[in-house]
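> Can you read through this structure? Questions will come right after.
Only the coordinates and a few stated rules stand behind these numbers; no lab work does. From a predicted model like this one, the values you see are computed outputs, not experimental measurements. Counting neighbours? That spans all protein chains shown, and the Cβs are built from the backbone with ideal geometry, glycine included.
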Amino acid sequence: MSGEIYDVVIVGGGPAGLTAAIYTGRRSLKTLVITQDIGGQLALTDSVENYPGFLSIGGLELSEKFKEQAEKSGAQIKFAQVTGLKKQNNEFIIQADAEEIKARTVILAFGLSPRTLDVPGEKELTGRGVTYCATCDGPLYRGKTVAVIGGGNSALDAGEYLSKLAQKVYMLHRRDEFRGEAVLIDHVKSAPNIEIIYNAQVTAVQGQKKVEGLSYKTTDGQEKEIKLDGIFVEIGHVAKSDWLKNIINLTDRREIKINQDCETNLPGVFSAGDISEITYKQAVISAGEGCKAALQAYRYLQGNKPLMPDWTPKKL
Ligand code: NDP
């Protein structure tokens, strides 16, 4: 471990983490973002139409803009996996791959990870026809037959995008109606090459070296099969925060508990975005939460003095 110490280490490079970096960088705090990728879930979204200021922009393109702005503000970015956090005297030690990094404050903003179906064949054929990212892998399925699993906005978004590339898209949902936005549901229902199969629970992924199909069970107990070239699993996300459980309070869904100012139970450690217990998991909200966490970290480093003479954050 070097003697170097950062004012702020931000874990995660999605909308929350990169917005936090823009704010801490602009306040001249020595800032390091440690992340495995840029954009997180946002980068996997084909077309973002609900981020103010952009009528429509690719998720990857928007993520790159966040990164550029964070770097222009003075933040450094390091690609690594964070697996540990501990407090030593008044500093925090962050385990990033094999390296230990020191920080005065930490902002946890590492988002959520894709949920898996947990059916036979899924794990074995991941990367060989089973995928969790339509934007990344969609172009590989031009002219092919694919299935999208799920009934939320991610599945609808993926279904619409894939219908422009694949010859045929099956959408399998375990309920009898989708739960996403009306406009996305309309797009999916009006695409001529999308076939919606409701009340279908996937039971297995089939294939030897690559995906050849899947089987599913209907609510009346019938087992059915479809022949496929690819399966896009879009069934929500889970919090991979077990590495924090001895030091940071988590909810029963393993999201990070925070107060309205993005403070965790451990003074000096803040959290923002989808990994925190906020209700609405949206890029614009994550960006706002990242800003809050950054200002609160700055305030902590100033000895918790009010940021502005006329503004003191309220405590509930
Ligand atoms: P959601 O949690 O909203 O939806 C997950 C879907 O997967 C549900 O339909 C759920 O079924 C289904 N599901 C969960 N587990 C299983 C399982 N084991 N087997 C089969 N189906 C399963 O997640 P999303 O990723 O769709 O969205 C997450 C957040 O991101 C949301 O807030 C969403 O609005 C947002 N988002 C917004 C976009 C946009 O605005 N364009 C694009 C993408 C995401 P059930 O309904 O039965 O629970």
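> What are the aspartates and glutamates whose alpha-carbon lies under 12 Å from the alpha-carbon of Lys86, with same-chain residues fewer than 8 places away excluded?
Hits, sequence-local ones excluded: Glu100.
> Additional query: Using just the helices of the chain, give the 222 nm mean residue ellipticity in deg cm²/dmol: DSSP H runs with n ≥ 4 each add -39,500 (n - 2.57), and the total is spread over all residues, rounded to 500. Write out the running numbers ahead of the final one.
On the way: 6 runs with 69 residues, N = 316.
Theoretical 222 nm ellipticity from helices: -6500 deg cm²/dmol.
> Regarding the range 1-144, what is the average projected area of its C-alpha convex hull, in nm²? Please list the in-between numbers first.
Numbers: hull surface 44.7 nm².
So the mean shadow area of the Cα hull is 11.2 nm².
> On to the next question. Going by the alpha-carbon gyration tensor, a ≥ b ≥ c the square roots of its eigenvalues, is the chain rounded (a/c under 1.5) or, if a/c is not under 1.5, prolate (a/b greater than b/c) versus oblate?
Prolate, because a/c is 1.5 or more and a/b exceeds b/c.
> Highest mean first, how do 116-129, 213-226 rank when packing is the count of other Cβ atoms within 10 Å averaged over residues?
In descending order of packing, they fall as 116-129, 213-226.
> Tell me the label-point distance for the pair Glu100, Lys72, using the 7 Å Cα-to-Cβ offset, in nm and rounded to one decimal.
3.8 nm
> So, with +1 on the Cβ of K and R and -1 on the Cβ of D and E, and no other charges, what is the size of the charge dipole of the chain about its Cα centre, to the nearest 20 debye?
Values: 38 positive and 39 negative charges, 128 e Å.
I would put it at about 620 debye.
> Kindly identify the range 55-124 as rounded, prolate or oblate by the Cα gyration tensor criterion: order the square roots of the eigenvalues as a ≥ b ≥ c, call it rounded if a/c is under 1.5, otherwise compare a/b with b/c, prolate if a/b is larger, else oblate.
Taking the square roots of the gyration eigenvalues as a ≥ b ≥ c, the range 55-124 is oblate.
> Now for a different question. Where is the GNM fluctuation largest for the chain (alpha-carbon springs, 10 angstrom cutoff): Ser271, Ser286, Ser190?
Ser190
> Could you rank the peptides 229-235, 11-17, 205-211 by their average count of other C-beta atoms within 10 Å per residue, with the highest value first?
Answer by packing, highest mean first, reads 11-17, 229-235, 205-211.
> Would you pull out the residues with amide H under 5 Å of Ile231's amide H, same chain only if 5 or more places away, H placed 1.01 Å from N?
For Ile231, the qualifying residues are Val130, Thr131, Ala147.
> Additional query: Across bins of 10 angstrom width beginning at 0, how are the C-alpha pair distances of the range 250-295 distributed, in whole percent?
32, 57, 10
> Just the number, please: Stokes-Einstein D of the range 170-247 in µm²/s, Kirkwood Rh from C-alpha pairs, 10 °C, 1.306 mPa s. Kindly include the intermediate steps, with their values, before the conclusion.
Working: Rh = 14.8 Å.
Roughly 107 µm²/s, to the nearest whole number.
> Distance check, please: which entries in Lys245/Lys292; Lys30/Lys281; Lys210/Lys240 exceed 25 angstrom between their Cα atoms?
Over 25 Å Cα-Cα: Lys30/Lys281; Lys210/Lys240.
> Which order do the peptides 130-143, 26-39 take when ranked by the mean count of other beta-carbon atoms within 10 Å per residue, highest first?
Highest mean packing first, the order is 26-39, 130-143.
> Moving on to the next point. List the residues, sorted by chain then number, that are 5 or more residues from Gly39 or on another chain and whose placed amide H is less than 5 Å from its amide H.
Gly13, Gly14
> Among all cysteines in the chain, which have no other cysteine Cβ under 4.7 Å from their own Cβ?
Taking the Cβ cut-off of 4.7 Å, the unpaired cysteines of the chain are Cys262, Cys291.
> Just flag the chymotrypsin sites (Phe, Trp or Tyr not before Pro) in the range 237-309 sitting in loop per DSSP whose Cβ has no more than 15 other Cβ atoms within 10 Å.
Working: sites: Trp243, Phe270, Tyr280, Tyr298, Tyr300; in loops: Tyr280.
Counting only loop positions with at most 15 other Cβ atoms within 10 Å, the chymotrypsin sites (Phe, Trp or Tyr not before Pro) in the range 237-309 are Tyr280.
> Then there is this: Straight-line reach only, C-alpha to C-alpha below 14 angstrom: list the aspartates and glutamates that Lys189 could link to, leaving out same-chain residues fewer than 8 apart.
Partners within reach: Asp157, Glu160, Asp176, Glu177, Glu181.
> Cross-link candidates for Lys209: which lysines have Cα within less than 19 Å, leaving aside residues fewer than 8 places away along the same chain?
Lys123, Lys144, Lys227
> Here's another thing I want to ask about it. How high is the FRET efficiency from Glu277 to Glu212, r the C-beta distance, R0 51 Å, rounded to 0.05?
The value I calculate is 0.80.
> Let me ask something else. Say we join alpha carbon atoms closer than 10 Å with springs in a Gaussian network model of the chain; which of Ile247, Ile93, Ile101 then has the biggest fluctuation?
Of the options given, Ile247 has the highest mean-square fluctuation.
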